[in-house]
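In what follows, a single structure is set out as structure tokens and then discussed.
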Amino acid sequence: MPRPKVLITHSLFEPARKALDEKCDTEYWTAATHIPRAELLMRVADKDALICLLTEKVDEELLSKAPRLRIAATVSVGYDNLDISACTHHKVAATNTPGVLDDTTADTAWMIMMAAARRLSEAETWLRSGTWPGWDLDQLCGADIWGKTLGIVGFGRIGREMARRAKGFRMRTLYHDAARVGSEIESKLAAEFVSFDRILFESDFITLHVPLTAQTHHLFGTKTFAQMKPTAYVVNTSRGPVVDEAALLEAIKSGKIAGAALDVFEFEPKVSPELLALKNVVVTPHIGSASLETRTKMALVAADNVIALFEGRRPPTLINPEVLAGQTATSS
Ligand code: GLV
């Protein structure tokens, strides 16, 4: 069987490269900047597999230019960069990297939530500026998180990790999702299923863990912020467009909510300078899963999906199983 030709739009990490190089004819994009779209379209044209990043779109245009393509593996848990119905139409398996980044991403959400509550960025910026006059009683007083109510929107793996952390920090946890989880999970995580409105009305911190879809686009906007407590914070480590950024800016500036902790932005890599100027907004540059251990595992999951397909196994984290109905994979 000829070795599958794989385009990888990043140099990945050594263990993933080793696994791929052993079994496939690999072509890596190793430049420091992301692969330009035209380059991607050109290079993918004769490939059997593509390993890509969340910054690269796999859509009808790309798929129609890559007739041999059998699998598109994104090195991310969110897969809004993949047009799944177009992949299925072209019989291209689509895979993502769930399961290996839940703790790391929840840690990031927790970290920025605490940073917003306790004014970490503001405090550090002041100290580093060399103008801190020394301790004072009413200086930099933030908000406690312990004893407060955490509202989790999206109760998948990462949302549940937030509930686990909330228990340790003695917070009350509410969650909302399209479907309610079993009572065993609810009682283990001490999480109460409530309506979306109750999340908005009752939470002191609202953390978002939904995928970006047509339904979740601008889930948080003017109307939503108006229903939140003026003392509440919103935390977003999911996808930027889940929050209407202009509405968020307005809500914070007008005091409708207390602040925000954001790891993702509506128009990445652009971030509104007005948002950046606000002291009560903590920002990080989309580092949710960015620990070396976790990113290495994500790359390995993507590599394993590709290798599995060409070894005639089902890719472990296949999103569109209907593409494999009644067939085994071989490169041709
Ligand atoms: C990162 O944003 C991911 O989806 O893995």
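The values are calculated or read from the model by the stated rules, or taken from the named source; none is laboratory data. None of the values given here were measured: they were computed from a predicted structure. Using ideal geometry, Cβ is built from the backbone for each residue, glycine included, and neighbour counts are taken over all protein chains shown. SASA here: full protein model, heavy atoms, side chains in, ligands and nucleic acids out. Shrake-Rupley method; radii C 1.70, N 1.55, O 1.52, S 1.80 Å.
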> To the nearest 10 Å², what's PHE201's accessible area with a 1.4 Å probe?
Replying inline: 110
> Can you give the charge dipole size of region 102-283 about its Cα centre, rounded to the nearest 20 debye, using +1 on the beta carbon of Lys and Arg and -1 on the beta carbon of Asp and Glu?
Replying inline: 280
>> If I require 27 Å or longer along the helix axis, counting alpha carbons, and a Kyte-Doolittle average no lower than 0.0, what helices from the chain are left? Use full DSSP H segments.
In response: 292-310
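Between LEU292 and TRP132, what's the calculated FRET efficiency when r is the beta-carbon distance and R0 is 41 Å? Round to 0.05. Kindly include the intermediate steps, with their values, before the conclusion.
Numbers: r = 33 Å, r/R0 = 0.80.
Working from the Cβ atoms, E equals 0.80.
Can you tell me the dipole magnitude for the chain around its Cα centre, using point charges on the Cβ only (Lys, Arg +1; Asp, Glu -1), in Debye to the nearest 20? Before the final figure, lay out each step's value.
Details: 38 positive and 41 negative charges, 84 e Å.
That gives a dipole near 400 debye.
May I ask for the equivalent-ellipsoid semi-axes of region 259-332, computed as the square root of five times each C-alpha gyration tensor eigenvalue and listed largest first in whole Å? Before the final figure, lay out the partial values.
Working: eigenvalues 321, 40, 18 Å².
Over the Cα atoms of region 259-332, the semi-axes work out to 40, 14, 9 Å.
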> Quick one: which of 136-146, 111-121 comes out on top by average Cβ neighbours within 10 Å, and what's the full order, highest first?
Replying inline: 111-121, 136-146
> Any number yet on Rg/Rh for the chain, C-alpha, Kirkwood?
Replying inline: 1.02
> Once the dipole of region 140-276 is set up with Lys and Arg at +1 and Asp and Glu at -1 on Cβ about the Cα centre, which of PHE169, ILE252, ALA232 lies farthest towards its positive end?
Replying inline: PHE169
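Computing the accessible area with a 1.4 Å probe over protein heavy atoms, can you report the carbon and sulfur percentage for the chain?
Details: 8990 of 15830 Å².
C and S fraction of accessible area: 57 percent.
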> Using only the Cα atoms of region 102-283, what do you get for the radius of gyration and for Dmax, in Å?
Replying inline: 16.1, 53
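With a 1.4 Å probe and every protein chain left in place, work out the accessible area per residue of the chain in Å², rounded to a whole number.
On the way: 15830 Å² over 332 residues.
Result: 48 Å² per residue.
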